[in-house]
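> Take a look at this one; I'll ask things after.
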Amino acid sequence: MALKQQILDDIKTAMKAGDKERLVTLRMLSAAIKQREVDERIEMDDAQTLSVVEKMIKQRRESIRLYEEGSRPELAAKEQAEIEILDTYMPEQLSETELDTMIQEAIDQTGASDMKDMGKVMGVLKPKIQGKADMGAVSARIKARLGA
């Protein structure tokens, strides 16, 4: 089943169950997906839908950081609950060793030797690990390997 359809089905399930917190979060996700489809005039596939979910999780993590700095734990807890709901749509995260192996394979495949080649390595890796690892952390690991 397509990810987008799964989200719509989960919205219906949350409505029937009366799960208001889950329903609000899923409706927000559905609206973000539809907005992107309208803006770009496309029908989103699973990879594009996954990128929307990933972006929403990233936004919530930033909000949590700001709420904690502003001494607003109740708002940080709400954002954390939303992350937990959104996380159910993310694929299983790669382990450290799997990620290191994939990075090394991409470096070998592209023949990367210094920082100028980082874009090539990221280009090879991104489709394989989208949603399965934090791209910021992946970027930092590649920089370390290429001797930044």
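No lab work stands behind these numbers, since they all come straight from the coordinates. Please read all numbers here as calculations on a predicted model, not as lab measurements. Cβ placement follows ideal geometry from the backbone for every residue including glycine, while neighbour counts extend to all protein chains displayed.
> With every atom except the alpha carbons ignored, what do you get for Rg and Dmax of the range 3-87, in angstroms?
13.8, 41
> Could you list the trypsin sites (Lys or Arg not before Pro) in the range 15-52 that lie in coil according to DSSP, counting only those with at most 16 other Cβ atoms within 10 Å of their Cβ?
On the way: sites: Lys16, Lys20, Arg22, Arg27, Lys34, Arg36, Arg41; in loops: Arg41.
Hits after loop and neighbour filter: Arg41.
> When Rg is the radius of gyration of the Cα atoms in the range 62-148 and Rh is its Kirkwood radius, what does Rg/Rh come to?
Numbers: Rg = 16.6 Å, Rh = 14.8 Å.
Rounded to two decimals, Rg over Rh is 1.12.
> Go through Met122, Gln35, Gln109 and say which Cα lies farthest out towards the positive end of the charge dipole of the chain; charges sit on Cβ, +1 for Lys and Arg, -1 for Asp and Glu.
Gln35
> Using a 10 Å cut-off around each Cβ, can you sort Glu98, Glu40 from fewest to most neighbouring Cβ atoms?
On the way: Glu98 13, Glu40 10.
Exposure proxy ranking, most exposed first: Glu40, Glu98.
> For the range 96-145, I need the span (max minus min coordinate) of the C-alpha atoms along each principal axis, in Å, sorted largest to smallest.
Taking max minus min along each principal axis of the Cα atoms, the range 96-145 gives 25, 18, 17 Å.
> Can you sort Tyr67, Tyr89 from fewest to most other Cβ atoms within 10 Å of each residue's own Cβ? Kindly include the intermediate steps, with their values, before the conclusion.
On the way: Tyr67 18, Tyr89 22.
Taking fewest neighbouring Cβ atoms as first place, the list is Tyr67, Tyr89.
> Let me know the charge dipole size of the chain about its Cα centre in debye, to the nearest 20, where only the beta-carbon of Lys, Arg (+1) and Asp, Glu (-1) is charged.
Working: 24 positive and 28 negative charges, 76 e Å.
With only Lys, Arg, Asp and Glu charged at Cβ, the dipole is about 360 debye.
> Kirkwood hydrodynamic radius for the chain: how many Å is it when counted over pairs of different Cα atoms? All intermediate terms of the calculation are to be shown ahead of the outcome.
Details: mean 1/r = 0.0579 Å⁻¹.
The answer is 17.3 Å.
> Summing -39500 (n - 2.57) over the DSSP H runs of n ≥ 4 in the chain and dividing by its residue number, what mean residue ellipticity at 222 nm do you reach, to the nearest 500 deg cm²/dmol?
-25500 deg cm²/dmol
> In whole angstrom, how far apart do the alpha carbon centroids of the range 83-145 and the range 1-70 sit?
With the range 83-145 and the range 1-70 each reduced to a Cα centre, they are spaced 23 Å.
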